[in-house]
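To keep things clear, I will list the structure first and then write my remarks on it.
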Amino acid sequence: MKIIVLVKQVPDTETNIKVGDKSINEAGIKWIISPYDEFAIEEGLRLREKNGGEVIAVSLGPDRVQESLRQAYAMGADRAVQIKVDNYVPFDTVLTAELIANFAKAENADIIIGGRQSIDSDSSQVVIQVAEGLGIAHISFAVSLEISGTSVKATKEVEGGTQVVETSLPVAITAQKGLNEPRYPNLKGLMAAKKKPIETKTPADLGNPASKIEVVGLEPPPPRIPGRKLEAADAKGYAEQLVKALREEAKVI
Amino acid sequence: MSNVLIVGELKNGELKKISKEITSAGRKIADALGGKVTALLIGSGVEKFAGDLGAVGADSIVTVNAGDFNAETWANLVAGVIKDKNPSVVLVPHTSQGKDYSPRVAVKVGAGIIADAVGLSVDGGKVVAKKPIYSGKAYGNFKVTSPIAIFTVRPNSQEVVQKAGAGAAEAASPSAGDAKVKIVSSDLSGGNKVQLAEASIIVSGGRGIKGPENWPVIQGLADVLGAALGASRAAVDAGWISHSHQVGQTGKTVSPNCYIACGISGAIQHLAGMGSSKYIVAINKDGDAPIFKVATYGVVGDLFEVVPALTDEFKKVLG
Ligand SMILES: Cc1cc2nc3c(=O)[nH]c(=O)nc-3n(C[C@H](O)[C@H](O)[C@H](O)COP(=O)(O)OP(=O)(O)OC[C@H]3O[C@@H](n4cnc5c(N)ncnc54)[C@H](O)[C@@H]3O)c2cc1C
């Protein structure tokens, strides 16, 4: 079973973001694997442990993404591939998906797993676009997954609840929280990961797809409506003031 | 000519508010580009909503008769209508369903896509989509350069504007194709009475509610307001409520008009999910809690006193 796991490198949530003209200022940023992709890596490893085969971790971006690939190695990935794109626009889902689909096609992958969204762009697009590009099934927001032989059974989160769905390989999956608990790499794994090779592919190797988006510019978030703390003698007083503020000032209730 | 296609969404046979929101947004874009707005509705008996969408700006309504939602067949149906109508701008709800089929549509019609747009404007004949990025710590503006541009639009981000279009209805029957994924069963009992991601008012509880037996305090206020019930990760991880209620980076992203945070400290991962709410009310014992940095109205007090008092007061004024 050949399993591709998608590993996107994103700024740590707690990192301060400084907005540049068309991208953020990367100085001082701490990079992490997007949290949902950790669920994807873990699921890939579990599927391999049960069904055999190999887990290939793929990340797209400049050389700094090798750090995330080493972490995937430390967790237990068999191979790591960097799709080397230096001027990487993290919101260009169509370009990303086309590169990954072309890679997956060349590898003849059975399973592609990524997070339900990356926390820098919240797009929820890439994995399903890869599925469409390959003409294969997809299951989004998976909270459980069972694969035996070529049959696939999963529970996915949908609006208002869950659904049980079935399909057969090949399949693309997006991981939702609840799918598993990602393992921590141990020290031995981390040491070994330093020496493992990272394969690189260039866009030219993967069909040189064109971008279909243009970054017009980045800006800081809009200013919030100025806030204030209310003053009152007791709970009833607060309640009266709040109701008045929400109805007469904010007019939202 | 730059025509706009919006893809509406239904829930339990009713038109969702987001359908009107994106029709109004589509109208604004079409007016700026000199085009028409077509609204697509997929389902059974959907013709009856033609008037509703006509009233908020749709020039015409295309209806497609279909059974339950399946991302693959929906993608085929939407792509079929796009190929037939050839719009240059397509607006799709950024909802569970929209996120499930829109990526396939983009690839099928060779379109660029910007997901989770909260602002749509027109510049030089092209739509500029604004979206929060990096957990809301920045906003980005993007254009799509392919002939067809798709945008998924965040619920509650667009105003519904009454503006009559012709609203003429026409039925279409593009090919649904076969789905590789079969739906075996659905369990829709665990969810919110009011959908979290699309709710215009949310009342949320955190670790400060102390235990699952106290949800009625929060739910009582939510019920009076017709609001959805949210939770912080601390409350979810403690097993007090299911993950489907979680707001934040590893939960749902919400943009209600009003978010009432009860006993929630306002950690950065929680703010990542609710920071774009228009008005934020924080009820917290600790006056230094970070939630007060984003709160429009802050109450430093015990939620077990303030929330019931607030529920009573709203009962009084809302009757
Ligand atoms: C990778 C990652 C992802 C995460 N994702 C999320 C996410 O999606 N959503 C999320 O919410 N968190 C998320 N977190 C967790 C986040 O960091 C916080 O731990 C969490 O939000 C805290 O929840 P809380 O505010 O309910 O609890 P606490 O931080 O414990 O705050 C409880 C608050 O209740 C107040 N309080 C106590 N008693 C009362 C009372 N009687 N009346 C009034 N106020 C009272 C206290 O003053 C305190 O401020 C994530 C963390 C990580 C590392």
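The values are calculated or read from the model by the stated rules, or taken from the named source; none is laboratory data. In this text the structure is predicted, and so the values were computed from the model without any measurement. Using ideal geometry, Cβ is built from the backbone for each residue, glycine included, and neighbour counts are taken over all protein chains shown. Surface accessibility is based on the protein's heavy atoms, side chains included, excluding ligands, DNA and RNA. Shrake-Rupley method; radii C 1.70, N 1.55, O 1.52, S 1.80 Å.
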Pairs beyond 18 Å (Cα-Cα), from A:Lys244/B:Lys252; A:Lys251/B:Lys293; B:Lys131/B:Lys293; A:Lys212/B:Lys143: A:Lys244/B:Lys252; A:Lys251/B:Lys293; B:Lys131/B:Lys293
Keeping the other protein chains in place, figure out the carbon and sulfur percent of the accessible area of chain A, with a 1.4 Å probe. 50
Can you give the average number of partner chain beta-carbon atoms within 10 Å of each beta-carbon in peptide B:195-208, as a whole number? 1
Dividing the alpha-carbon Rg of the protein assembly as shown by 2.2 N^0.38 Å yields what? 0.96
Debye intensity ratio in log₁₀ form over the Cα atoms of the range B:4-171, taken at each q of 0.08, 0.09, 0.11 Å⁻¹: -0.20, -0.25, -0.38
Under a 1.4 Å probe, what is the accessible area of chain B per residue, stated in Å²? 36
Can you tell me the 0 to 90 degree angle between the C-alpha axis of helix A:66-75 and the longest principal axis of chain A, rounded to 10? 80
Take every Cα-Cα pair in the range B:79-147 and report what % of them are more than 15 Å apart. 57
Quick one: with all protein chains in place, what share of the accessible area of the range B:196-318 is carbon or sulfur, to the nearest percent (1.4 Å probe)? 52
Please compute, for peptide B:67-77, the average count of beta-carbon atoms on other protein chains lying within 10 Å of each residue's beta-carbon. 2
If you add up the charges near B:Asp31, with Lys and Arg at +1 and Asp and Glu at -1, over every other residue whose beta carbon is less than 13 angstrom from its beta carbon, what do you get? +3
Would you calculate a helix-derived [θ] at 222 nm for chain A, using -39,500 (n - 2.57) for each DSSP H run of n ≥ 4 and dividing by the full residue count, to the nearest 500? -8500 deg cm²/dmol
Net charge (Lys, Arg +1; Asp, Glu -1) of residues whose beta-carbon lies under 13 Å from that of A:Val216, A:Val216 excluded, is +1
Eigenvalues of the Cα gyration tensor times 5, then square-rooted: what semi-axes does that give for the range B:59-107, in whole angstrom, largest first? 17, 13, 11
Using only DSSP helix segments of four residues or longer, with each worth -39500 (n - 2.57), what per-residue ellipticity at 222 nm results for chain B after dividing by its residue count and rounding to 500? -9000 deg cm²/dmol
Counting only DSSP beta bridges with both residues in the protein assembly as shown, what percent are antiparallel, rounded to the nearest 5? 35
Kindly give Rg over Rh for the range A:1-100, based on alpha-carbon atoms, with the Kirkwood expression for the hydrodynamic radius. 1.00
Buried accessible area between A and B, both sides, 1.4 Å probe, in Å² rounded to 100, is 7300
How big is the C-alpha Rg of the range A:1-203 next to the rule-of-thumb value 2.2 N^0.38 Å, as a ratio? 0.97
Take the Cα gyration tensor of the range A:114-178, multiply each eigenvalue by 5, square-root it, and list the three semi-axes largest first, rounded to whole angstrom. 19, 16, 9
